[in-house]
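K.L.:
Next up is a structure, given as structure tokens.
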């Protein structure tokens, strides 16, 4: 039996302390939703020991009512304190007494892990970064400044909305292709939506690692915005194989909860753009801006045309041209505009 099919028979109870602060409880629920997506378990619920519902017994009863008999309990605690060593065993014993045939497997608490150290350092760096002057983050190197001067002389931006010029200029700088002056298409509120998403610290979703790698984290860090790409994740690869779809399209499905109010930046895969648009049309995803510039000869033109007809805030390229570097350049331009806007206040 495949691991995915075996996991579908299991339920996971993610147990937290519980808080009077709704935001703290909601974080555990978001973790539970992500665990279900990645693990493919039949059911995943968050439960709380105090101050919030459902409690352990309510969650166990709900799982038993749906026919699950094997429940994995994951204590979402850093330390093996009394909640883990005393309260939790008591809760499991009480549930076993109430439900025939039920079994629990207790996973380790979070404890010490190298990835938690990575997250800790990342949070520390996030706290330090805003102390640096914004001008230091978006200051141009003399060679870049000279390149932009040349572009300004050679490109005719007459009639181009002022807020579009920095986007087009950075794409031309990245590609050395002045045709982008003609083929870049920006919806009326695209720049405002993109800058607002970044300044609000929203997620940026890319279709491939190349686009992710090209986006400047240094420029995003002052706002707390982060970049995500799921196309190489094991669960995404399994979904693509199971559904007969590309990995980049499957990655959009996994990314849907992360898109809320954020930016989707697609530079390589037309199938990813098509799936992102489907998710938006069904209400499963609600990004503020879709950057659709996939390059290619098969499906790229059609996917970008669909984006431009969608009525959503967008930045796209007409025709076959585009690419991951173009998608990254657009995000970087928006980030610089966000930094400049903050510095001018």
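The values are calculated or read from the model by the stated rules, or taken from the named source; none is laboratory data. The shown structure was predicted, so the numbers you read here are calculated from the model rather than taken from an experiment. Positions of Cβ are backbone-derived with ideal geometry, glycine not excepted, and every protein chain shown enters the neighbour counts.
K.L.:
Say whether the condition of being assigned to a loop (DSSP other than H, G, I, E, B), modelled with pLDDT of 95 or more and within 20 Å of residue 226 (Cβ to Cβ) is met by at least one residue in the stretch 315-325.
P.N.:
Among the residues of the stretch 315-325, not one is assigned to a loop (DSSP other than H, G, I, E, B), modelled with pLDDT of 95 or more and within 20 Å of residue 226 (Cβ to Cβ), which makes the answer no.
K.L.:
Give the residues of the stretch 20-58 that are in contact with a helix residue (DSSP H, G or I) (Cβ under 9 Å, 6 or more places away or on another chain), buried (at least 19 other Cβ atoms within 10 Å of the Cβ) and in a helix (DSSP H, G or I), sorted by residue number.
P.N.:
37, 56
K.L.:
Now a separate question. Scan the stretch 213-231 and give yes if some residue there is part of a helix (DSSP H, G or I), in contact with a strand residue (DSSP E or B) (Cβ under 6 Å, 6 or more places away or on another chain) and under 24 Å from residue 308 (Cβ atoms), otherwise no.
P.N.:
There is no residue in the stretch 213-231 that is part of a helix (DSSP H, G or I), in contact with a strand residue (DSSP E or B) (Cβ under 6 Å, 6 or more places away or on another chain) and under 24 Å from residue 308 (Cβ atoms).
K.L.:
Quick test of your reading of the structure: residue 326 fulfils all but one of (1) in contact with a helix residue (DSSP H, G or I) (Cβ under 6 Å, 6 or more places away or on another chain); (2) surrounded by 24 or more Cβ atoms within 10 Å (Cβ to Cβ); (3) more than 21 Å from residue 172 (Cβ to Cβ). Name the failing condition by number.
P.N.:
Single failed check for residue 326: (3).
K.L.:
Another question, then. Which condition does residue 79 not pass, out of (1) modelled with pLDDT under 90; (2) not in a loop (DSSP other than H, G, I, E, B), if it passes all the others?
P.N.:
The one condition residue 79 does not meet is (2).
K.L.:
Could you check how many residues of the stretch 76-85 are over 18 Å from residue 33 (Cβ atoms) and touching a residue at least 24 places away in the same chain (Cβ under 8 Å)?
P.N.:
Selection size over the stretch 76-85: 6.
K.L.:
Can we say residue 167 is farther than 30 Å from residue 152 by Cβ, touching a residue at least 60 places away in the same chain (Cβ under 8 Å) and either in contact with a strand residue (DSSP E or B) (Cβ under 8 Å, 6 or more places away or on another chain) or outside any helix (DSSP H, G or I) (or both)?
P.N.:
No, not satisfied.
K.L.:
Would the stretch 269-288 turn up any residue that is buried (at least 21 other Cβ atoms within 10 Å of the Cβ) and within 16 Å of residue 168 (Cβ to Cβ)?
P.N.:
Within the stretch 269-288, none of the residues are buried (at least 21 other Cβ atoms within 10 Å of the Cβ) and within 16 Å of residue 168 (Cβ to Cβ).
K.L.:
If you don't mind, there's one more thing I want to ask. Identify the residue in the stretch 251-304 that is free of Cβ contacts under 8 Å to residues at least 24 places away in the same chain and touching a helix residue (DSSP H, G or I) at 6+ places or on another chain (Cβ under 9 Å) and, among all such residues, is farthest from residue 180 (Cα to Cα).
P.N.:
Looking at residues that are free of Cβ contacts under 8 Å to residues at least 24 places away in the same chain and touching a helix residue (DSSP H, G or I) at 6+ places or on another chain (Cβ under 9 Å), I get 278.
K.L.:
Could you list, in sequence order, all residues of the stretch 59-73 that are in a helix (DSSP H, G or I) and touching a residue at least 12 places away in the same chain (Cβ under 8 Å)?
P.N.:
Answer for the stretch 59-73, where residues must be in a helix (DSSP H, G or I) and touching a residue at least 12 places away in the same chain (Cβ under 8 Å): 59, 60, 61, 62, 63, 64.
K.L.:
Another question, if that's okay. Regarding the stretch 294-303, can at least one residue be identified that is closer than 18 Å to residue 171 by Cα, outside the structural domain of residue 36 (by TED's automatic domain parsing) and buried (at least 22 other Cβ atoms within 10 Å of the Cβ)?
P.N.:
Among the residues of the stretch 294-303, at least one is closer than 18 Å to residue 171 by Cα, outside the structural domain of residue 36 (by TED's automatic domain parsing) and buried (at least 22 other Cβ atoms within 10 Å of the Cβ), which makes the answer yes.
K.L.:
Here's something else I'd like to know. Select, from 39, 67, the only residue that is within 29 Å of residue 234 (Cα to Cα) and under 30 Å from the mean Cα position of the chain (by Cα).
P.N.:
After ruling out the rest, the residue left standing is 39.
K.L.:
Restricting the first residue to the stretch 101-113 and requiring it to be closer than 13 Å to residue 76 by Cβ, which pairs with a second residue that is modelled with pLDDT under 90 meet a Cβ separation below 8 Å and a spacing of at least six or different chains?
P.N.:
Matching pairs, first to second residue: 109/79; 109/80; 109/84; 110/116; 111/79; 111/80.
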